[in-house]
Every structure is written in C-alpha cells, then in structure tokens.
Amino acid sequence: MKKGFFVFLFAVTCLFAQKQDSVKTYNLEDILVQSGVVIEPEKIINIDAKKLEKIDASNISEITRLIPSLKLQNNSQGQSLVYLRGAGKRQLLLMFEGSQLNIPWDYRIDLSMVPTEAIGAVSVTKGIPSVIFGVNNMAGVISINTKKYKNRSEGKINISGGTGSFKKASGYWLGGSENLSYLISAGYNERDGFRLPSDFDREGGLRTNTQSKNFNTFAKVDYRYSTKSDLAFSVSYINAEKGVPAEFDVAKKRFWQYPVWDKLSANLTGSHSFSNTGISSITYAFSASKFDLEIDQFTDETYSVLDEKEINEDYIYTGRLIYTQLINNNSILKFSFNGYNTSHKEINKDGNLAFMSEANYSQNIYSLGFEYEYILDKFSFLAGISYDGVNTPDYKDNPIKSDETDYSFTSTVSYKINSNLIAQGNFGRKTRFPSLREALSDGNGKYIINYDLTSEIAHTTDLGISYLGNKFSVEGSFFLTYLKDGIIRKALPDKQYIRINKDKIRTYGLELKAALQFSKKFRTDISFTTLSSLGENTNGNFEDKLEYKPEVMASLSFDYSPFQNINFLFDINYVGEEYGYQEGNEEIQKLPDYILFNIRTGYTFHVGKTSVDSYVRINNLTDKLYYTQWGLPETGREIRAGLSFDL
C-alpha cells in the first residue's frame, strides 16, 4: 500500500508540472510595505480564514492537519502536541496575537484546549527563524492571529454536533470603524468521549475517561490613531476540564483527570511610526497570563477513589519589542528585545487531601537581537545575531542553577530568478534552554531527574526553490540540521525514563508542496515530506533511531464545488516509518504505518436574508486503527454536522 501511495503522489506531481495557475496557495513572501519599500521578506505558509472555516475545528489541534510536514501527537498526559519536520514541540514557538502561547514551565501547551472562535489566520515559519523572534524556537514559529476588521461589520453563530455526544455552540461579532474596531467571541463545546476503531474496541463503546468540556471568551479593541500607528488590547479566558485516557498494555497505568484547566490572558500589541514616511518605527507585544491546572490521580479505572491531587499555578509575563530603522531605500536595521518571566507553584496532596509537599520555581529568559537587511529588485540578504540568556533564581530545594548565556545567528538569501521563480537559502545557529520541567520534574515518578541537563544547539541549513504560476504553484525544500546536546529521553530497565543530552543528532529531508487550480470549481493540494533523524552512536555513526520522527509524511486534498452552493472536500493523510519506546522494551519499536481518509460536504442556503452554511464531515472514514504514540490508539470513525448563520 505504501509504495502504491507514493507512486500515486508522484504521478499527481508530474501532472501538476504541466499546468499553470493564478491562485497562490502558499504566500512565500510575507511583506510589509511602507513608503514603497519592502522591509520584511520571510519564507512562510499562510492559512487564511476560508480554509480554516472548512476544517470545522473545535480547537487548534484540529487545524494542524492543514500544515505540511507537521504531525499531531496525543501523549500519555492527554496533551495534543505538534512536531514539525521532526522537531519536537519544545523546539517550536507558538504565538497568539504576537505573544508567546507556550507555557514556560514545560514550554508546550495542550492545543486541544485552545479554541478557534476568534482566529482569522495562521502562518508558519519553518527552519531557523529570525533572531527577532528571540530564543527557544530553533525549528520554526506557528503564529495565530485573530480576525481583522475590513471596513464592514460581520458576525457568525455556529452550532454543531457529532459522535461521542459532541456538542458545540459558538459565535463572534466584529464591528466598529476604520479607526476604532472591536472583536468579541465566545464558545462552548463538550463531549462524552470518543470511540476507538472497531477492530480495537476493548471497552465496548466510548473510550473510558475521554470526556471533555470547554468554555472560552475573547474580547479585543483595536485603535488606529494614525495612518501608520495602532494599538490593540485583548483579553481571553479558557475554562476547561477533561479526562485523560489511560495507556493500554503498560504495567503501571496513570488514571488522570483535569478538573481544572484555566487560562486567563491579557495582551497589549501595537506599532508606532515616528514619521509620516515610516523611516523608523517600533512594534511591541506584551502579555500577562495566569494558568491553573489541577491533576487528579485515581487508584484504578473506575475513577472513584482519589489517590493524589496535584495543583499547579503559573504566572507568565512576556514582552517583545522591535525597533526598525530604514537606512535608505535598500537597507534596514532592526533591534529587538524578547523575554519572559515565569513562576510555577506545585502543591501535592494525598487522597484525603492532606498536604504533602509544595515546590516553587521561577525563571527569566531574554534575548537581545540585531538584524540587517539589504534589498534590491531581485535580490535580498538578511543577517542577524542575538545574545541569549537564562536566569533561574528559584529552583525548588535543589542547588541554585548558574546563569547561562549563549548566542544565535540567522541569515537568509533570496533571489528572484524571473517573475515566477524564487530561490532562497537559509542558515543559522540557535540555542534552546531546557524548560524547568525537563530539568527538575520526575513526572510523578516516571522520570529520573538529570540535574546535569544542558542546552541544545541547532545548526540548520534550508535551501528552497518556489514556482508561482497562474494556476499552479510548487515549492521544494531541502533541510539539514545538526543538533548538539539534543535533549531526548532514554528508557531505563525499571520502566522509567531519564532525559539526557545526545551528543549529536542529524536531521535532513526533502519537502514538496504543490497546488493546482484546475478551474474556479476544482483545486487540489499536495504535500510530501521525507526525513531522516538519527543520533550518533558510540562508533561515530548516525544510526540511533529517535522517537516520534516519522520518515515519511504525505497529504493529498481535493476541493470541488460543482454548483455555486455545494462544496465537497476529500483529503488523504499518510504517516510512515515512525518509532517510539513501548513500555517493556528498552529498544525503540516501529509504530504501524497508516493512511487516513476524511470527507466533507457543505451546502449554503438562505433563510430570509440570512445566509446559512451547513456541513457534514466524516473523519477517519475507514475506521482505521492508528497510533501517534505507543499505548494510545487514536479516535475511530467520527461524524460531525453543523450550521453557521451569518449575522
């Protein structure tokens, strides 16, 4: 099946190469124009609001299937996390409205808890990002931005339901004027659980302890006080709870529930030009967040007898400041500051809720960057360097960890060969400091703490060429990363793990993305990624396989609208040659390869003057049994249907 699928993908790609196109699926240059001067080219992928709406997502994790080379993984803690080009979740920066979304304690966030109601666009920067983004993002940046006011008020109310007693109601309203606009949104969804594939249904119905509830609100005010200056303030709140399915085929299961998952955030963003010509400007984003997480651990699968309660409380303050100075029509200088302060409190109580222990941690991370860009009609060059540091003043009852500093640099060269063809090269070095949890937490007894864990350093090269035609667009990239002191987990004989620094890890691969617009009614998208990620063994050879870095990922989608009010979507996703540690084996084990089929039908009609969009979606159409992590089979066939009313 795998070989046949590859032949099919190759044949479709060859067919694409004979066509031309007007629809640019991937905007390869994100440009900000001021006074006729292009000042920020970046190689990115943009996902607009129209594509986001058709994915019918109830949370951010469901949107990730739109991003080529990205793999979603659900772990034993019930978290939905992402891998990009084989890079781990902690090596990526997730941003919301210009501020960091990652929770610093663990430098990751459960994307299944982050709602989609206010989202208007998602962009992805792959490879070594600019030093302007700061530290701890050596593999890419995923930026999530809210809906923007476009000189007219708009709003929607959405209702949907599906298998597992899934229910969702949400809506938003965007209004105001050219100078003062606002956005408000709210949503609620819940489900009793999900069903496993029929050939693995050991529980005879919904999987035990997979229930969830999520309520969220968002409000934003955007004030444009001049043609080149604006200020925005937003507040978001997520109140959620859910169960965590226990792993199958493990000796010591964890029976967890999250009765509290609350995140309150305030965000201030803005930009200010110091002159009407835009020669110099400043951009900033500041945020403050409070995150509360409670973990209830039970004695068995009945979830009736409490064994232990863990209460987590995080306060997070982030800041980003970028000063831009145009030297002339061809040269730009940028100075940046990025940083955050975080404190984490962890309280443990026994089954009788008697106090057991309390631990406090805090950390400061900062980055000072400088970047220069030179631009001609067909050529641009960008180079930057930053000074990065971490300070850990509060380190539980362990020895105080000394301050650490390092540096990063990035460089990019772009050349426009002709009106359709662009070549680009990127090279850089970046550091990632270990999160507090990696360095200090025993994972409720699952890990042995390694106090000698050090930072990892990535040297990455990315070479790509892109063709943008009238009806056809294609991009190919070769990427290579050498990771020094990469942080991985190692299996121990007593069914525990320890995080260690792997001296050298080499990752390289090829990535292909293409889009073809056959007509106004029919388009198709294809992506294919193959990579090799291996650690160096004691003999100096790169032969040690690493966890959850699939060697092959591919997707193919069709979007067809035979009539004005009817739309059909069909997509195929393939993951192969993936490995992970299975409990009871000290050697890494291969996970089963899998192909998933999803289908959606949409129909638009009118009730009076109100436009109504309806849909029916079936995910995992063939009820395929598949794993993204050992011991945790994923959802079987899932059906959802919904209505959206334009206001």
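The values are calculated or read from the model by the stated rules, or taken from the named source; none is laboratory data. Note that the structure is a prediction, hence the values are computed from the model and not measured. Note that each Cβ is placed from the backbone with ideal geometry, even for glycine, and that neighbours are counted across all protein chains shown. Calculation scope for accessible area: heavy atoms of the full protein, side chains included, ligands and nucleic acids excluded. Shrake-Rupley method; radii C 1.70, N 1.55, O 1.52, S 1.80 Å.
The table for this structure:
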quantity	calculated
Check on Leu453, open to solvent by less than 40 Å² (accessible area, probe 1.4 Å), assigned to a loop (DSSP other than H, G, I, E, B) and within 24 Å of Ile103 (Cα to Cα)	yes
Region 476-517, residues that are among the hydroxyl-bearing types (Ser, Thr, Tyr) and open to solvent by less than 10 Å² (accessible area, probe 1.4 Å)	Ser477
Residue in region 565-585 that is open to solvent by 30 Å² or more (accessible area, probe 1.4 Å), under 20 Å from Ala169 (Cα atoms) and assigned to a strand (DSSP E or B) present	no
Of the criteria (1) open to solvent by 10 Å² or more (accessible area, probe 1.4 Å); (2) touching a residue at least 12 places away in the same chain (Cβ under 8 Å); (3) out of contact with any strand residue (DSSP E or B) (no Cβ under 8 Å at 6 or more places or on another chain), which one Tyr107 fails	(1)
Considering residues of region 114-148 that are over 15 Å from the mean Cα position of the chain (by Cα) and assigned to a strand (DSSP E or B) only, the residue surrounded by the fewest Cβ atoms within 10 Å (Cβ to Cβ)	Gly120
Count - residues of region 518-554 that are assigned to a strand (DSSP E or B), within 20 Å of Ile67 (Cβ to Cβ), open to solvent by 30 Å² or more (accessible area, probe 1.4 Å) and not β-branched (Val, Ile, Thr)	2
Matching entry among Lys242, Lys263 (being in a strand (DSSP E or B), within 26 Å of Tyr317 (Cβ to Cβ) and at pLDDT 95 or above)	Lys263
Sole exception among (1) under 22 Å from Leu483 (Cβ atoms); (2) exposed (fewer than 14 other Cβ atoms within 10 Å of the Cβ) for Pro562, by number	(1)
Among the candidates Leu480, Leu492, residue that is out of contact with any His (no Cβ under 7 Å at 6 or more places or on another chain), farther than 20 Å from Asn136 by Cβ, at pLDDT 90 or above and not small (Gly, Ala, Ser)	Leu480
Pick from region 184-239, criterion in contact with a strand residue (DSSP E or B) (Cβ under 7 Å, 6 or more places away or on another chain) and of a type in the set (Val, Ile, Thr), ranking: surrounded by the fewest Cβ atoms within 10 Å (Cβ to Cβ)	Val235
Residue within region 258-272 that is in contact (Cβ under 8 Å) with a residue 12 or more places away in the chain and farther than 30 Å from Ala219 by Cβ present	no
Matching option when the condition is out of contact with any helix residue (DSSP H, G or I) (no Cβ under 6 Å at 6 or more places or on another chain) and either without any contact (Cβ under 8 Å) to a residue 12 or more places away in the chain or of a type in the set (Phe, Trp, Tyr) (or both), among Asn501, Asn541	Asn541
Asn216 outside any strand (DSSP E or B), modelled with pLDDT of 95 or more and not aromatic (Phe, Trp, Tyr)	no
Failed condition for Leu231, given (1) of a type in the set (A, V, I, L, M, F, W, C); (2) more than 23 Å from Phe298 (Cα to Cα); (3) under 25 Å from the mean Cα position of the chain (by Cα)	(3)
Candidates Glu308, Glu301, filtered to the one that is open to solvent by less than 60 Å² (accessible area, probe 1.4 Å), over 19 Å from Val135 (Cβ atoms) and acidic (Asp, Glu)	Glu308
Residues of region 313-332 that turn out to be in contact (Cβ under 8 Å) with a residue 40 or more places away in the chain and surrounded by fewer than 17 Cβ atoms within 10 Å (Cβ to Cβ), as a count	5
Residue in region 333-368 that is most open to solvent (accessible area, probe 1.4 Å), counting only those that are closer than 22 Å to Asn267 by Cβ, of a type in the set (Ser, Thr, Tyr) and out of contact with any helix residue (DSSP H, G or I) (no Cβ under 9 Å at 6 or more places or on another chain)	Tyr366
Residue list for region 240-268, filter: among the basic types (Lys, Arg) and open to solvent by 50 Å² or more (accessible area, probe 1.4 Å)	Lys252, Lys253
Residue match in region 151-158 (condition: outside any strand (DSSP E or B), free of Cβ contacts under 8 Å to residues at least 24 places away in the same chain, on the phi < 0 side of the Ramachandran plot and open to solvent by 60 Å² or more (accessible area, probe 1.4 Å))	yes
Some residue of region 279-298 being at positive phi and either assigned to a strand (DSSP E or B) or hydroxyl-bearing (Ser, Thr, Tyr) (or both)	no
Considering residues of region 579-610 that are of a type in the set (Asp, Glu) and in contact with a strand residue (DSSP E or B) (Cβ under 7 Å, 6 or more places away or on another chain) only, the residue farthest from Ala57 (Cα to Cα)	Glu586
Filter pass, Ile599 being out of contact with any helix residue (DSSP H, G or I) (no Cβ under 8 Å at 6 or more places or on another chain), closer than 17 Å to Asp525 by Cβ and aliphatic (A, V, I, L, M)	yes
Within region 44-69, considering residues that are under 24 Å from Ile128 (Cβ atoms) and either acidic (Asp, Glu) or open to solvent by 20 Å² or more (accessible area, probe 1.4 Å) (or both), the one nearest to the chain's Cα centre (by Cα)	Leu66
